[in-house]
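The values are calculated or read from the model by the stated rules, or taken from the named source; none is laboratory data. Here the structure is a predicted model, which means the values were calculated and not measured. Cβ sites come from the backbone with ideal geometry, for glycine too, and all protein chains shown count toward neighbours.
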Amino acid sequence: MVAVSSANQVAERDAPFQFRGNSFTMMVLKVVDPASPNFFSLLGSKVRQAPNFFRHAPVVLDFDELPEGAAGFDITAFALKVREQNLLPIGFVGGPRAVQEAALAIGLVPMPAGRAARLDVVRAPENTAVAPPAPPPEPAYRPALVVNEPVRSGTQIYAEKCDLIITAAVSHGAEVLADGNIHIYGALRGRALAGISGDAGARIFCQSLEAELVSICGLYRVSEDMDESVVKKPVQIRLSEGYLHIQPL
Amino acid sequence: MGKIIVMTSGKGGVGKTTSSAAFATGLALRGFKTVVIDFDVGLRNLDLVMGCERRVVFDFINVINGEAKLNQALIKDKRVENLYILPTSQTRDKDALTKDGVERILNELCKDFDYIVCDSPAGIERGALMSLYFADHAIIVTNPEVSSVRDSDRILGVLNSKSRRAERGEEPVTQHLLLTRYDPERVEKGEMLKVDDVLEILAIPLLGVIPESQAVLRASNIGMPVILDEASNAGQAYLDAVGRFLGEDVEHRFISVPKKGLFSRLLRRSA
């Protein structure tokens with residue numbers, strides 16, 4: 001038994017499809033008097049009350065209250081007119097046998113009698129002009145993280161949501177990261193990554209560029225690719241037009 | 001109340017055991033009751049360098065496990081008054097060290113001894129961490145070359161974060177640089193880092209510069225700490241370093257190429 005079930009599991013894992021149960025809430029359009037000349041103009045105005053709500057909404061056509069012997073009820077034309085109102089008839093429920101057969105013939109799905117659910121139609125506001133969103137609050141001033149000792153090899157410092165200021169050297173094998181700018185009043189010998197949460201305007205400043213790697217907002221450069229003219233000099237590193245610029249200070 | 005000094009480096013083979021033996025002996029020569037402990041479980045060398053390898057009965061691990069009392073494991077040095085050695089096990093490994101066990105032994109030693117020198121193994125794992133955890137002072141043994149300097153920097157980071165003092169937010173472990181195997185001629189040729197270069201990277205106070213010396217190997221072969229070889233430059237440099245540690249103002253020697261007189265050049269005297 002175990003072998004069989006595991007074989008089935010294997011088969012399911014590799015199958016190009018899967019059957020799943022799911023439930024959808026659907027609108028039901030109860031067709032009471034299709035012969036009425038106002039049918040579609042009234043339907044249209046109803047739809048226009050909340051156009052976004054009704055647009056391409058799937059509907060189930062409920063024929064339960066169709067008058068007996070509704071002569072010449074042309075379901076094809078009816079469905080077409082419903083579509084013109086941007087509603088999509090996808091199924092049907094109830095109605096006399098002839099209507100049901102006709103509905104099936106044009107591809108509507110016979111639905112089981114569902115449970116009635118409250119349908120809250122969203123009413124469009126009187127004034128359709130959308131008010132502009134309130135401007136975001138001014139970001140509060142966040143003081144920088146200040147480190148006054150050398151950042152030793154193997155140490156990692158992360159200045160979250162602020163700048164990082166280091167008044168000593170950053171050793172080989174150390175990592176300093178900041179969401180904001182990084183200012184190093186000493187030699188940068190390890191790795192420095194600024195603007196790591198996405199601020200492309202972040203900059204790195206140091207008194208002597210001897211870094212293993214520098215990065216701003218994800219773009220990086222390794223030691224090997226740093227020009228001779230900026231090595232061991234005081235520099236400013238910034239991102240401009242998608243390119244890391246290392247400029248002597 | 002005893003002070004705990006750890007002799008550590010990160011890098012292996014730079015001179016921790018040589019320096020532990022020499023430094024502990026130097027402190028004992030000054031009249032302080034000193035014990036030197038081997039933390040390199042499984043790779044013990046301190047007993048060889050101190051010349052007591054034929055007198056080891058019980059060791060550090062035996063005491064941690066309660067198999068022996070501390071005074072059964074302590075070996076009294078035959079040459080120098082006030083000097084004791086606590087050897088470690090050769091058959092076990094560093095997993096045998098426990099923080100409680102080490103703490104218990106160090107507390108007991110602190111009652112009787114003025115200085116406790118811990119000879120750390122290389123690396124940043126258990127053995128090294130145990131040896132530096134309880135330290136009051138750290139001497140970072142470094143060779144003047146890039147790998148050693150980088151590893152020393154790493155061990156400084158570990159001291160700043162993983163020592164007991166760091167964890168409790170107490171006064172930090174005092175850090176001293178001991179630059180060993182320094183060869184002024186190679187420095188002049190540009191093959192070796194200068195003292196200033198190392199100080200710029202590590203940024204800790206310089207305790208001493210020990211010159212490269214053949215006397216170190218000779219001393220280790222006969223099981224005698226090199227500080228007792230007063231004729232050697234290395235021995236004298238260690239004596240100077242001990243003086244500086246105790247607060248004396250001693251000028252640094254052996255960091256520049258000595259001007260050879262005609263006589264010594266003819267005879268090719270080496271240190």
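Does the stretch B:78-96 include one or more residues that are in a helix (DSSP H, G or I) and in contact (Cβ under 8 Å) with a residue 40 or more places away in the chain? So far as the stretch B:78-96 goes, yes, one or more of its residues are in a helix (DSSP H, G or I) and in contact (Cβ under 8 Å) with a residue 40 or more places away in the chain.
A:Glu224 - would you say it is at negative phi, of a type in the set (D, E, K, R) and either in contact with a helix residue (DSSP H, G or I) (Cβ under 8 Å, 6 or more places away or on another chain) or within 13 Å of chain B (Cβ to nearest Cβ) (or both)? When the stated conditions are applied, A:Glu224 does not pass them.
Among the residues of this structure, B:Val209 counts as one that is away from chain A (no Cβ under 14 Å), of a type outside the set (S, T, N, Q), in contact with a His (Cβ under 7 Å, 6 or more places away or on another chain) and touching a residue at least 40 places away in the same chain (Cβ under 8 Å). Scoring B:Pro184 on the criteria (1) within 22 Å of B:Val49 (Cβ to Cβ); (2) touching a Ser or Thr at 6+ places or on another chain (Cβ under 7 Å) leaves a single failure, condition (1).
Within the option set B:Glu230, B:Glu251, being outside any helix (DSSP H, G or I) and within 12 Å of B:Gly26 (Cα to Cα) holds for one residue only, B:Glu230. Do we have B:Ile204 as at pLDDT 95 or above, in contact with a strand residue (DSSP E or B) (Cβ under 7 Å, 6 or more places away or on another chain) and part of a loop (DSSP other than H, G, I, E, B) here? Criteria met by B:Ile204.
Which residues, counting only those in the stretch B:174-206, are in contact (Cβ under 8 Å) with a residue 60 or more places away in the chain, away from chain A (no Cβ under 11 Å), buried (at least 22 other Cβ atoms within 10 Å of the Cβ) and of a type outside the set (S, T, N, Q)? If the condition is that a residue be in contact (Cβ under 8 Å) with a residue 60 or more places away in the chain, away from chain A (no Cβ under 11 Å), buried (at least 22 other Cβ atoms within 10 Å of the Cβ) and of a type outside the set (S, T, N, Q), then B:Leu178, B:Arg181, B:Tyr182 are the ones that fit.
Quick check: anything in the stretch B:56-67 part of a helix (DSSP H, G or I), under 27 Å from B:Ile227 (Cα atoms) and more than 14 Å from chain A (Cβ to nearest Cβ)? Let's see the steps before the verdict.
From the stretch B:56-67, those part of a helix (DSSP H, G or I) are B:60-64; that's our starting set.
Going one step further and asking which of them are under 27 Å from B:Ile227 (Cα atoms), we end up with B:60.
Within this subset, residues satisfying the condition of being more than 14 Å from chain A (Cβ to nearest Cβ) are B:60.
The answer is yes; a qualifying residue exists.
Which one of these is farther than 23 Å from B:Val146 by Cβ and in contact (Cβ under 8 Å) with a residue 40 or more places away in the chain: A:Gly218, A:Gly195, A:Gly201, A:Gly242?
Numbers: A:Gly218 fails: in contact (Cβ under 8 Å) with a residue 40 or more places away in the chain; A:Gly201 fails: in contact (Cβ under 8 Å) with a residue 40 or more places away in the chain; A:Gly242 fails: in contact (Cβ under 8 Å) with a residue 40 or more places away in the chain.
Just a single option satisfies the conditions, and that option is A:Gly195.
Give me the residue from the stretch A:170-210 that is in contact with a Phe, Trp or Tyr (Cβ under 9 Å, 6 or more places away or on another chain) and part of a loop (DSSP other than H, G, I, E, B) and, out of that set, surrounded by the most Cβ atoms within 10 Å (Cβ to Cβ). Within the stretch A:170-210, the match that is surrounded by the most Cβ atoms within 10 Å (Cβ to Cβ) is A:Asn181. Scanning the stretch B:111-122 for residues that are more than 11 Å from B:Val35 (Cα to Cα) and out of contact with any helix residue (DSSP H, G or I) (no Cβ under 9 Å at 6 or more places or on another chain) gives a single hit, B:Lys111. Here the condition is being out of contact with any Lys or Arg (no Cβ under 7 Å at 6 or more places or on another chain), within 14 Å of chain A (Cβ to nearest Cβ) and surrounded by fewer than 21 Cβ atoms within 10 Å (Cβ to Cβ); of B:Gly123, B:Gly169, it holds for B:Gly123 alone. Only one of the numbered conditions (1) surrounded by fewer than 21 Cβ atoms within 10 Å (Cβ to Cβ); (2) assigned to a loop (DSSP other than H, G, I, E, B); (3) more than 13 Å from every other protein chain (Cβ to nearest Cβ) is violated by B:Pro144, and that is (1). Hey, any hits in the stretch B:99-114 for a residue that's within 29 Å of B:Ala241 (Cα to Cα), assigned to a loop (DSSP other than H, G, I, E, B) and modelled with pLDDT of 95 or more? Yes, the stretch B:99-114 has at least one match. Just wondering, is there one or more residues in the stretch B:40-50 that are farther than 19 Å from B:Phe134 by Cα, assigned to a helix (DSSP H, G or I) and more than 14 Å from the chain's Cα centre (by Cα)? Yes, the stretch B:40-50 contains a residue that is farther than 19 Å from B:Phe134 by Cα, assigned to a helix (DSSP H, G or I) and more than 14 Å from the chain's Cα centre (by Cα).
Only one of the numbered conditions (1) within 20 Å of A:His172 (Cβ to Cβ); (2) over 18 Å from the mean Cα position of the chain (by Cα); (3) among the basic types (Lys, Arg) is violated by B:Arg154, and that is (2).
Filtered by the rule that a residue be in a loop (DSSP other than H, G, I, E, B) and among the small types (Gly, Ala, Ser), the stretch B:115-141 gives B:Ser120, B:Ala122, B:Gly123, B:Ala135. Please count how many residues of the stretch B:97-126 are touching a residue at least 40 places away in the same chain (Cβ under 8 Å) and acidic (Asp, Glu). So the count comes out to 3.
For the stretch A:135-177: of the residues being hydroxyl-bearing (Ser, Thr, Tyr) and within 21 Å of A:Ser215 (Cβ to Cβ), which is farthest from the other protein chains (Cβ to nearest Cβ)? Spell out how you get there, then give the answer.
Initial filter on the stretch A:135-177 (hydroxyl-bearing (Ser, Thr, Tyr)): A:141, A:153, A:155, A:158, A:167, A:171.
Narrowing the set further to residues that are within 21 Å of A:Ser215 (Cβ to Cβ) leaves A:153, A:155, A:158, A:171.
Numbers: A:Ser153: 4, A:Thr155: 5, A:Tyr158: 15, A:Ser171: 5 Å.
Filtering the stretch A:135-177 for residues that are hydroxyl-bearing (Ser, Thr, Tyr) and within 21 Å of A:Ser215 (Cβ to Cβ), the one farthest from the other protein chains (Cβ to nearest Cβ) comes out as A:Tyr158.
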